[in-house]
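So the structure is just underneath, and the comments pick up after that.
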Amino acid sequence: MRLENKVALITGASSGIGRETALLFAREGARVVVVDVDDKGGQETVAEIERQQRKAQYVHADVSQASDCEHMVAEAEQRFGKLNVLFNNAGIMHSKDDDAVSTDEKIWDLTMNINAKGVFFGCKYGIPALRRAGGGSIINTASFVALLGAATPQIAYTASKGAVLALTRELAVIHARENIRVNALCPGPLRTELLMKFLDTESKRQRRLVHIPMGRFGEAKEIAQAALFLASDESSYVTGTEFLVDGGIHAAYVTPE
Ligand code: NAD
């Protein structure tokens, strides 16, 4: 098993990427702290893990709140004795997130508070715990839109994911000699609730699909596999990366320097 004896905390684990990753990490031997604001979904994730005779604990935490993030890390250490893997994955894509002219300041603030400040808080309280464990792996969910402009405007979301990439790079450098690795995961467009709510008509979905060389949306399970690699010791020399799992979308549009 690839995560034997490890304790992993995953935010946004009630659904999509977070849930699939929680299930996979548990199958690979990790004890998992499932964090979300959706209590019902979080408890379902835990129940599914327990059905596999593995251990998990649900913690309600809004990642945009410092005290909630402090609490989720404390719970992980209290219940399972340590923290080895921190997956800052919770995020939103608001239906009213649009171009700069049309996007309300409130939508900007909400998106930045969850998607960018939430990752900062995860690191702020998670890094001391990883230090206490002798090191560990942090994975921050960004997006391919932080590297390319998306055809459908979502300015606050894109900016928030750019912030995630920038802070990931800096933290990777700062903590490299403490045996703490910090990587960003950049999923392409996925067939999860988050994106399907945003691309809510067939024409919007087709507009996005045209740009994906593989011609299909990705699955949350495919991102979980990449997170597993970054969480495990198999990626022991990997830090500060922007790990793309995007069906080829970046390769199709990136221009050589
Ligand atoms: P999802 O909506 O299925 O899951 C997101 C989870 O985050 C939900 O369970 C939600 O309740 C939780 N959440 C929202 N706000 C929260 C908060 N303040 N505190 C704690 N939990 C909160 O979406 P997903 O597709 O699994 O997205 C996971 C991550 O992947 C997000 O950061 C998203 O931006 C990113 N991402 C998704 C796609 C995609 O196409 N779906 C592409 C690139 C990146």
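Annotations for the structure displayed:
- Under-5 Å amide H pairs with Lys55, H placed in peptide plane, nonlocal only: Val32
- Anisotropy class of region 34-78 from Cα gyration tensor, a/c 1.5 cut: oblate
- Span-like helix criteria (full DSSP H runs; alpha carbon extent of at least 24 Å along the helix axis; mean Kyte-Doolittle hydropathy of at least -1.0) are satisfied in the chain by 155-175.
- Local electrostatic count at Lys82 - Lys and Arg +1, Asp and Glu -1, tallied over other residues with Cβ under 12 Å: +4
- GNM result for the chain, Cα springs below 10 Å: residue of Ala150, Ala76, Ala30 fluctuating most strongly: Ala150
- Projected label distance in nm at Gln78 and Gln225, using a 7 Å step from Cα toward the beta-carbon: 3.8 nm
- Taken over region 7-237, the convex hull of the Cα atoms encloses 120 Å³ per residue.
- Local net charge near Ala176, Cβ-Cβ under 12 Å (Lys/Arg +1, Asp/Glu -1): +1
- Taking every DSSP helix (H) stretch of at least 4 residues in the chain, weighting each as -39,500 (n - 2.57) and dividing the sum by the residue count yields a mean residue ellipticity at 222 nm of -13500 deg cm²/dmol.
- Where N is the number of residues in region 117-222, Cα Rg divided by 2.2 N^0.38 Å: 1.25
- Neighbour net charge for Arg205 - beta-carbon separation under 12 angstrom, K R +1, D E -1: +4
FYI, it's all coordinate maths here, none of it is from the lab. It should be emphasised that the depicted structure is a prediction, and the values quoted were computed from it without experimental measurement. A quick note on method: Cβ atoms are made from the backbone with ideal geometry, for glycine too, and the neighbour counts reach across all protein chains shown.
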